[in-house]
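Q: I have a structure I would like to understand better, so I am pasting it below and will then ask my questions one at a time.
The values are calculated or read from the model by the stated rules, or taken from the named source; none is laboratory data. Computed from a predicted structure; not experimentally measured. Glycine also receives a Cβ, built like all others from the backbone with ideal geometry; neighbour counts cover every protein chain displayed. All accessible areas refer to the heavy atoms of the entire protein, side chains included, with ligands and DNA or RNA removed. Shrake-Rupley method; radii C 1.70, N 1.55, O 1.52, S 1.80 Å.
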Amino acid sequence: MPDAQGRFGDFGGRFAAETLMQPLAELEEAFFTAWNDPAFHAELRGLLAHYVGRPTPLYHARRLSEEVGGAQIWLKREDLTHTGAHKINNTIGQGLLARRMGKPRVIAETGAGQHGVATATVAAMFGLACVVYMGREDTVRQAPNVYRMKLLGAEVVPVDSGSATLKDALNEALRDWVASCRDTFYIIGTVAGPHPYPLMVRQFHAVIGEEAREQMVRQAGRLPDVAVACVGGGSNAMGLFHPLRDDDVRLVAVEAAGHGLESGRHAASLAAGRPGILHGNLTCLLEDEEGQIAATHSISAGLDYPGVGPELAFLHRTGRLELELADDGEALAAFHRLARCEGIIPALESSHALAAAMRIAAEMAPERIVLVNLSGRGDKDMERVMRCDAADEGGLMEAYEGGNRASDGDDD
């Protein structure tokens, strides 16, 4: 748990405009009041079961395990939730809070669009007005999700400032909230932002790890040796890791190495970042030599963010969290490999975790278990993958046929 100021060690806290301090205090009080209310949990459990489709399955990927060699790979199937990604766990929880606080309007920011779709879905279900901010570049590479949001009744606002990606969308959402906090609830989509958001989002996603923990014991007879998740902001990772934090399980976060750390075109905030303040919290950030937020790159829009949740920064600094990297090519190869071996098409975000998990599993004994959080499905990434495959002209297949490629970087 964070301290009273929302700090995880040196990271976290509440760095926000004076206008937002009171709304954040009201949100903190509303969250803890709801969290201690059995009626809130009863309604949340009901919606997770009958609307979201929980519990999601835990699947033993036998063919993939055989092909990779080494440890057994199991998948937590968050891609099978309503809306196709883990994001719905959090938006259901925050949507319930918005309704309890009497807020008729919700706003959100999104990168890959899955959080935007999940927010628009919940807003439609609860009858709330919804505005979603999205970098213009991301509206192009995630066009199917933009259309889904509009179908659900949301207004999608393209953001042209900066690099026109997730961090710029978050900036615009914060500006909106400063001007409208009286009647607006800001549904942040990851374990970042000012306190209490990192704590609150983690708690709503902890159902992932709670289910996986119970399912692993029931289906495999024991806990996994390694738990692996991709990290942009880190919501799916904290959801898996938090319930396993006190167990003898290696926790491995996988960052997007893009074109490689040496190229400078990546989104590896833990591997190559340094402490700084962004979007209301102190965490590890990618900055240039003058201390400005650096441009980022990942083939996956959902990982294309220059920071990471403060609790992940804390876990990494204290040695509880291991770090792996997967570049664009490795993620694409993993995307194809899971589709061909298991008939499952993963999101490009999840493909980064798969790439690292295969590398880890190959070095372990067959009786060991590697658990991967398959955080979302790949429908939204079809066009992106088709364009990459067409441009690659065989390079990707060479990577696929050759199995796991060496990473451009390694743990920091």
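Here's the yes/no breakdown for (1) over 22 Å from LEU312 (Cβ atoms); (2) buried (at least 18 other Cβ atoms within 10 Å of the Cβ); (3) at pLDDT 95 or above:
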{"site": "ALA17", "(1), (2), (3)": "yes, no, no"}
{"site": "MET21", "(1), (2), (3)": "yes, no, yes"}
{"site": "LEU27", "(1), (2), (3)": "no, yes, yes"}
{"site": "ARG45", "(1), (2), (3)": "yes, no, yes"}
{"site": "LEU48", "(1), (2), (3)": "yes, yes, yes"}
{"site": "GLY53", "(1), (2), (3)": "yes, no, yes"}
{"site": "ARG63", "(1), (2), (3)": "yes, no, yes"}
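Q: Tell me whether the range 5-15 contains one or more residues that are within 18 Å of TYR186 (Cβ to Cβ), open to solvent by 10 Å² or more (accessible area, probe 1.4 Å) and in contact (Cβ under 8 Å) with a residue 40 or more places away in the chain.
A: The answer is yes; a qualifying residue exists.
Q: Further, regarding this structure: Report yes if ILE360 is outside any helix (DSSP H, G or I) and either under 23 Å from ALA169 (Cα atoms) or among the aliphatic types (A, V, I, L, M) (or both), otherwise no.
A: No: the conditions fail for ILE360.
Q: So, one more: Would it be correct to say that PHE40 is of a type in the set (Phe, Trp, Tyr), crowded, with 17+ Cβ neighbours inside 10 Å, at negative phi and more than 19 Å from the chain's Cα centre (by Cα)?
A: So PHE40 passes the test.
Q: Does any residue of the range 80-95 turn out to be part of a strand (DSSP E or B) and either modelled with pLDDT of 95 or more or of a type in the set (A, V, I, L, M) (or both)?
A: Yes, there is a match, as at least one residue in the range 80-95 is part of a strand (DSSP E or B) and either modelled with pLDDT of 95 or more or of a type in the set (A, V, I, L, M) (or both).
Q: Taking GLU214 as meeting all but one of (1) in contact (Cβ under 8 Å) with a residue 24 or more places away in the chain; (2) more than 24 Å from ALA267 (Cβ to Cβ), write down the number of the exception.
A: It fails just one condition, (1).
Q: Tally time: how many residues in the range 208-240 are surrounded by fewer than 22 Cβ atoms within 10 Å (Cβ to Cβ), among the hydrophobic types (A, V, I, L, M, F, W, C) and either outside any loop (DSSP other than H, G, I, E, B) or modelled with pLDDT under 95 (or both)?
A: Qualifying residue count for the region: 4.
Q: Another question, if that's okay. Among the residues of the range 147-160, write down those that are open to solvent by 50 Å² or more (accessible area, probe 1.4 Å) and either of a type in the set (A, V, I, L, M) or at pLDDT below 90 (or both).
A: LEU151, LEU152
Q: Name the pairs whose Cβ atoms lie under 9 Å apart, with the first residue in the range 36-64 and farther than 26 Å from LEU223 by Cβ and in contact (Cβ under 8 Å) with a residue 24 or more places away in the chain, the second open to solvent by 20 Å² or more (accessible area, probe 1.4 Å) and aliphatic (A, V, I, L, M), and 6 or more positions between them or separate chains?
A: LEU47/MET125; TYR51/MET125
Q: Checking the condition assigned to a helix (DSSP H, G or I), hydrophobic (A, V, I, L, M, F, W, C) and surrounded by 19 or more Cβ atoms within 10 Å (Cβ to Cβ), which residue from LEU199, LEU251 passes?
A: After ruling out the rest, the residue left standing is LEU199.
Q: Would you mind stating whether ARG368 is open to solvent by 40 Å² or more (accessible area, probe 1.4 Å) and within 30 Å of VAL117 (Cα to Cα)?
A: Numbers: open to solvent by 40 Å² or more (accessible area, probe 1.4 Å): yes; within 30 Å of VAL117 (Cα to Cα): no.
No: the conditions fail for ARG368.
Q: Within the range 271-319, track down each residue that is among the acidic types (Asp, Glu) and in a strand (DSSP E or B).
A: GLU287
Q: Can you tell me which condition HIS352 does not meet? The list is (1) open to solvent by 10 Å² or more (accessible area, probe 1.4 Å); (2) part of a helix (DSSP H, G or I); (3) of a type outside the set (Gly, Ala, Ser), and all the others hold.
A: (1)
Q: Kindly indicate whether THR318 is in contact (Cβ under 8 Å) with a residue 24 or more places away in the chain and open to solvent by 40 Å² or more (accessible area, probe 1.4 Å).
A: Spelling it out, THR318 is indeed in contact (Cβ under 8 Å) with a residue 24 or more places away in the chain and open to solvent by 40 Å² or more (accessible area, probe 1.4 Å).
Q: Still on this structure: Can you tell me which of VAL117, VAL132 is under 20 Å from the mean Cα position of the chain (by Cα), part of a helix (DSSP H, G or I), buried (at least 23 other Cβ atoms within 10 Å of the Cβ) and touching a residue at least 24 places away in the same chain (Cβ under 8 Å)?
A: VAL117
Q: Restricting attention to the range 75-93, does a residue exist that is among the basic types (Lys, Arg), out of contact with any helix residue (DSSP H, G or I) (no Cβ under 7 Å at 6 or more places or on another chain) and under 25 Å from MET386 (Cα atoms)?
A: Yes, some residue in the range 75-93 is among the basic types (Lys, Arg), out of contact with any helix residue (DSSP H, G or I) (no Cβ under 7 Å at 6 or more places or on another chain) and under 25 Å from MET386 (Cα atoms).
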